[in-house]
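Just below is one structure, and these are the notes that go with it.
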Amino acid sequence: MKNFFLLILIISNFIFIFIHFKKKIKNIFYKKKIIETDVNEIHNIFETVKIDEIIQAPKKKAIIKTFSISAENKIVGMTSDYEAWIIGCISKVSKNIFEFGTCSGKTTYIMALNSSIDSKIITLTLGPSDVEDLRIDNADNKVSYRNIINESIYKKFLFSGSEEENKIEVIFKNSLKFDEKNYEKAFDLIFIDGGHTYSIVKNDSEKAFKMIRKNGIILWHDYNVGKTSSKDVVKYINKVSVNRKIKKIKNTSLCFYKEEG
């Protein structure tokens, strides 16, 4: 009987440790397969000014317009403040921008706030009525499929009614049915943050590779090793990075690819 209770105690402790350190445990077994790099490798806008031996500041050109969202909005899956800063900076040097996955429009708005007055942003999203036509592939992550439905509830966006809305064209369409032929080599920046199932990540990425112009940048959001809802993002990027120079930006869930000119 004593041994039985000891066994129960060991199992209980193991379960407790796993629950509280699940992410760290997963990271031990799911090693990152792509190179991590500093943000300043992407573009010279991220060059810093040395203040002293322990601190460096961004240059004036890397100061962006941004905002935060109240938790009352209950918006899920947003970029971190650091990631938003990176996207805002790249938007400053991008005239033609495309986004897979609008959601609430927060990232779209940040890109619009920081891009030039004559820039153009096209953002592709599912409308609430489009969700009914969704079909899941057997290999797709079921959690990610559920998230697609939860994030496709918007008819209006955070930028709706703003001056910056004039820069933005919203296309309500399933990205699997989106025809990229009219947009080949057209964009300086493409942000991929749509559906996180494998079939959609693959579709959006393959279209983005055709749509990006020379010296343009593709960004993927949610490269989170060990996170269930991101596993298809990780799986696809690990696979495609064998043949393409895709790198992860340190201290973010962003990966980037630069089309060499």
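Readers should treat all values here as calculations from the given coordinates under stated rules, not as data from a laboratory. Computed from a predicted structure; not experimentally measured. Methodologically, a virtual Cβ is constructed for each residue, glycine included, from the backbone with ideal geometry; neighbour enumeration extends over all protein chains shown.
Overview of values
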{"read-out": "Separation of the residue 95 and residue 228 label points, Cα + 7 Å toward Cβ, nm", "value": "4.7"}
{"read-out": "Across 177/210; 173/207; 50/247, pairs whose alpha-carbon gap is larger than 18 Å", "value": "50/247"}
{"read-out": "Paramagnetic reach from residue 176 (point 7 Å along Cα→Cβ, amide N under 20 Å) across region 152-169", "value": "152-154"}
{"read-out": "Segment residue 35-residue 74, length gained on full extension (0.36 nm per residue, minus Cα span)", "value": "10.7 nm"}
{"read-out": "Residue 190 long-range amide H proximity, modeled H, under 5 Å", "value": "98, 217, 218, 219"}
{"read-out": "Estimated vicinal HN-Hα couplings, Hz - region 57-62 in sequence order (Karplus 6.51, -1.76, 1.60; Gly, Pro = x)", "value": "10, x, 6, 4, 5, 9"}
{"read-out": "Cα pair distances in region 34-258, grouped into 5 Å bins until the bin that holds the longest one, percent each", "value": "1, 7, 15, 19, 21, 18, 11, 5, 2, 1, 0, 0"}
